[in-house]
Amino acid sequence: MVPELFLRVAKVETYGNGQLLTNASGFFFEWQSELYLITNRHVCFDQMAGHHPDSLKLQLHTVQDDLTKSGPLEIQLYKQGMPLWKTYPRPENDIDVVAVPLPGKLLKQNYVISSFGASDILGPEETLPPGQQVLITGFPLGFHDTLHNLPLVRQAVVASDFSRPFKGNPYFVTDARTHRGTSGSPVVTKLRRPTQVAGQFEDRWCLLGIHAATLDVSNRDPMYDDRLGLNVTWFASLIPQIIEGRLPGSPSSAESSDAVCFN
C-alpha cells in the first residue's frame, strides 16, 4: 500500500489563459468537514513577479489499487473577478500561505486522496528539540514518479527554535536542499501521539508547517560564500486561522537583512 502521506500531497500546475505557467506543490487539509488545498500565496498570485494565474490543475489518483491511473482536477481561482482562495486576515497580507476551497464530496467520490486535519497540528504547548528531523514532501522542479504520480521526500532538520517564531515572524527555519516547485509542500515529522482511546498512543505524521522559500543574507559574497541552505516554513497553526478568517494577537514582523527567494 502507498504511504498515506503521499496521498495528501499533490503536484500543482498554474495556468493563465490556458497556458502552463509554473509548477508547485500543495496538500489537502480538512477543516470542519470542508476540504482545502493548502499552498503558498505566491503560487496563486505574485505581484512582484507578474505571476497572475487564473486556474490550478492537479493530477490525482483515480483507482485505489492502481497508482498508474490518474486524472486531472482543474481549480478556478476567480469567480466574477474575485479571488476564491483565502489568505491570512491581516492588513500586511505578508503570510505566504493560502487555502483554496475544494469540492470535498466530489473529490472523495472520484479521486483517491487523503488529508491532514486539526489533530495533526502540534498544540501551542508542544515543541520540538533542536535539530529535529523533518521531511519536505513535494515536487522539486516538477520532478516526481510520473508513472505512479507520487511526490518525492527531502530530508531536513529544524534549524531555529521551534517554540519561538523566527525574528517575530510566524515561521521557523529548516536546513535542507530545496528547489523551485517545492513551494507549498507540507513539512512533517513522525511523532508518538495519543489516540482517541485513553492511554493508547500511535506513531503519526504531524504537520509542522508549509515550506515557502529559501533564506539568504544580503551581505553574502557569491564569490566566497555558499548559499545558506536555509528555508522558511510557515507554522501549520496558521491554517485554521486562514480558513476561519480570524486574527489572534500575534507579534509583528521584525525587520531583518535576510533575503527571501521563492522556490
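The values are calculated or read from the model by the stated rules, or taken from the named source; none is laboratory data. Since the model is a prediction, treat every value here as computed from it, not as a measurement. Positions of Cβ are backbone-derived with ideal geometry, glycine not excepted, and every protein chain shown enters the neighbour counts. Heads up: the accessible areas ignore ligands, DNA and RNA and are worked out on the full protein's heavy atoms, side chains in. Shrake-Rupley method; radii C 1.70, N 1.55, O 1.52, S 1.80 Å.
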Looking at the structure I just gave you, is Val2 closer than 16 Å to Leu152 by Cα, open to solvent by 30 Å² or more (accessible area, probe 1.4 Å), part of a loop (DSSP other than H, G, I, E, B) and not aromatic (Phe, Trp, Tyr)? yes
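Can you spot a residue in the range 117-129 that is in contact with a Phe, Trp or Tyr (Cβ under 8 Å, 6 or more places away or on another chain), among the polar types (S, T, N, Q) and open to solvent by less than 20 Å² (accessible area, probe 1.4 Å)?
Residues of the range 117-129 that are in contact with a Phe, Trp or Tyr (Cβ under 8 Å, 6 or more places away or on another chain), as a first pass: 117-118, 120, 127-128.
From what is left, the residues that are among the polar types (S, T, N, Q) are 127.
Filter once more, keeping what is open to solvent by less than 20 Å² (accessible area, probe 1.4 Å): none.
Scanning the range 117-129 turns up no residue that is in contact with a Phe, Trp or Tyr (Cβ under 8 Å, 6 or more places away or on another chain), among the polar types (S, T, N, Q) and open to solvent by less than 20 Å² (accessible area, probe 1.4 Å).
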Mind checking whether some residue in the range 70-83 is within 21 Å of Gly138 (Cα to Cα), open to solvent by 30 Å² or more (accessible area, probe 1.4 Å) and either out of contact with any Ser or Thr (no Cβ under 9 Å at 6 or more places or on another chain) or at pLDDT below 95 (or both)? yes
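Scanning the range 177-222 for residues that are among the β-branched types (Val, Ile, Thr) and within 18 Å of Glu30 (Cα to Cα), which turns out surrounded by the fewest Cβ atoms within 10 Å (Cβ to Cβ)?
Keep residues of the range 177-222 that are among the β-branched types (Val, Ile, Thr), which gives 178, 182, 187-189, 195, 197, 210, 214, 217.
Going one step further and asking which of them are within 18 Å of Glu30 (Cα to Cα), we end up with 187-188, 210.
On the way: Val187: 27, Val188: 24, Ile210: 29.
For the range 177-222, the residue satisfying everything is Val188.
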If a residue has to be surrounded by fewer than 21 Cβ atoms within 10 Å (Cβ to Cβ) and outside any helix (DSSP H, G or I) to count, how many in the range 156-172 make the cut? 8
I want to confirm something. Restricting to the range 35-47 and keeping residues that are modelled with pLDDT of 95 or more and part of a strand (DSSP E or B), which single residue is surrounded by the fewest Cβ atoms within 10 Å (Cβ to Cβ)? Leu35
In contact with a Gly (Cβ under 9 Å, 6 or more places away or on another chain) and in contact (Cβ under 8 Å) with a residue 24 or more places away in the chain: which single residue out of Gly117, Gly181, Gly168 fits that description? Gly181
